[in-house]
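In what follows, a single structure is set out as structure tokens and then discussed.
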């Protein structure tokens, strides 16, 4: 194997640009949402999570995060915007160890206080990818094409990450839901996924034989193709298939930055010989000059080999999990999220249910009370409202309320807090929604109703048809017995 790295200069360049894009949207999501979600007066305040620790030092060892020491709203906001700024630096072409370390540790710090809002598999995937990226760049030289050639072992570790993401997703499907075995999951997936986009109805109404072929394609891409990323002759073909697979997923729904971060890692399957066929000449000239001037840094090469040994050791429980009939999905076996196990859509809902939040100004509820609907940024509500494109940005509240629709109010106490906030017209919380139907004064009552949603065929007047199922949460007001005591008992404000 050639360890000089001369054939991966473009690989590193493209990977870092895509990686910077993912970091940008991840931190932008934080900057715009972190305070109403986990701030001092957020829906799940970080201070309550942090206050459970016996001491900041011991807690830091258990959950490494900068916020054990400082976690005011101003600090949360400033550090999130610093992450946005540094992500832009990487995106436009500049990356070195200090820049990528700050980004990695900042995001790790937010994930560890993010609670259920940041419990998704792509958070771990971003952190693992970010850790590997640290060993791909020079210590100081931040230029797009530095003299230090890419350490090849890190490229292979990115392929190992790509393999686990894809293969883990494939295994969890065939183990998790019978519809993946009888090739019917795509009859439902596009309609019941968390946040459909404008093309989701078109995908949903494709002929059933295409959906069955889609499931077969899914199994091939996730269970067979990943093995070829380790075979040099076929790695680029495997990379193309994986990238095309995730581009199709991007077109079919809003899956946060999951597909984007996987595409970034899959770039490791391409060497410069392949990338020269598709990149513009001005980039190729800079890369060629970098190769002629570039040097293999033996210290970095040695460090990357040590990293390989470290990753192999941390991969032992991951491989055991993959081979287990009780495979866990999206699980980390270490607090730094350095090597993780992944998976997506191990089960697919057959029907879509939505929680619709409504409020009224009436001081007494009657059959004639006027109820106004709170619309969310991306989740379905108004049946005629156009489906949005939000990915790779993730509206965290919209995602979590999708999960809540499959559960009970007792399993989602944070939603009681959301109602309490809306009863007070809390400005921070309202920033998480598409608008405020009670701008003149707060509502007197709020209720949450339960509906079954289904796509109408493309070309219909409405995107959705819906059927009322029942009341998910009875009308609550500030004066409702026990509500204030419940909120204060949780330590919320």
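What follows is calculated from the coordinates using simple rules that are stated; it is not laboratory data. This structure is a prediction, so every number in the text was calculated from the model and none was measured. Ideal geometry is used to build each Cβ from the backbone, glycine not excepted, and the neighbour counts take in all protein chains shown.
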Quiz prompt | For the chain: relative contact order, % (alpha-carbon pairs under 8 angstrom, 6 or more apart) | solution = 19 percent
Quiz item: Based on Cα positions only, what radius of gyration and what Dmax would you give for the range 352-489, in angstroms?
Solution: 15.2, 50
Practice problem: Provide Rg over Rh for the range 304-374; use the alpha carbon set for both Rg and the Kirkwood Rh (inverse mean inverse pair distance). | Solution: 1.42
Quiz item: Cα axis of helix 232-252 to longest principal axis of the chain: angle in degrees, 0 to 90, nearest 10?
Solution: 20 degrees
Quiz prompt | Orientation-averaged projected area, Cα convex hull of the range 185-304 (nm²) | solution = 10.3 nm²
Quiz item: How big is D, in µm² s⁻¹, for the range 118-187 by Stokes-Einstein at 25 °C and 0.890 mPa s if Rh is the Kirkwood radius over C-alpha pairs?
Solution: 165 µm²/s
Self-check item: the chain: calculated mean residue ellipticity at 222 nm from DSSP helix runs of at least 4, using -39500 (n - 2.57)
Solution: -16000 deg cm²/dmol
Quiz item: In degrees, nearest 10, range 0 to 90: what is the angle between the Cα axis of helix 413-423 and the longest Cα principal axis of the chain?
Solution: 60 degrees
Quiz item: If the viscosity is 0.692 mPa s and the temperature 37 °C, what translational diffusion coefficient in µm²/s does Stokes-Einstein give for the range 243-323 when Rh comes from Kirkwood over Cα pairs?
Solution: 200 µm²/s
Exercise. Can you tell me the relative contact order of the range 352-489? Whole percent, Cα pairs under 8 Å, sequence separation 6 or more.
Key: 32 percent
Quiz prompt | Neighbour-count ranking [beta-carbon atoms within 10 angstrom, fewest first] of 136, 483 | solution = 483, 136
Quiz item: Counting DSSP beta bridges in the chain, what percent are antiparallel, to the nearest 5?
Solution: 95 percent
Quiz item: Pairing the Cα long axis of helix 298-323 with the longest principal axis of the chain, what angle in degrees results, from 0 to 90 and rounded to the nearest 10?
Solution: 50 degrees
Exercise. Go from 0 up to the bin containing the longest alpha carbon distance in the range 21-107, width 10 Å each, and give me the % of pairs per bin.
Key: 17, 44, 30, 8, 0
Exercise. Assuming a ≥ b ≥ c are the square roots of the Cα gyration tensor eigenvalues, decide whether the range 124-272 counts as rounded (a/c under 1.5), prolate (otherwise, with a/b larger than b/c) or oblate.
Key: prolate
Practice problem: Taking the convex hull of the Cα atoms, report for the range 224-276 its projected area averaged over all directions, in nm². | Solution: 3.8 nm²
Quiz item: Which order do 73, 51, 398 fall in if you start with the one that has the fewest other Cβ atoms within 10 Å?
Solution: 51, 73, 398
Exercise. Normalising by the residue count of the range 429-471, find the relative contact order in percent from Cα pairs under 8 Å and 6+ residues apart.
Key: 34 percent
Quiz item: Two-decimal Rg/Rh of the range 6-341 from alpha-carbon positions, Kirkwood Rh?
Solution: 0.97
Exercise. For the range 221-380, evaluate the Debye formula with one uniform point scatterer on each Cα (no solvent term) and list log10 I(q)/I(0) at q = 0.09, 0.11, 0.21 Å⁻¹, rounded to two decimals.
Key: -0.55, -0.74, -1.50
Exercise. Within 10 Å of each residue's Cβ, count the other Cβ atoms and sort 185, 179, 305, 269 from fewest upward.
Key: 305, 179, 185, 269
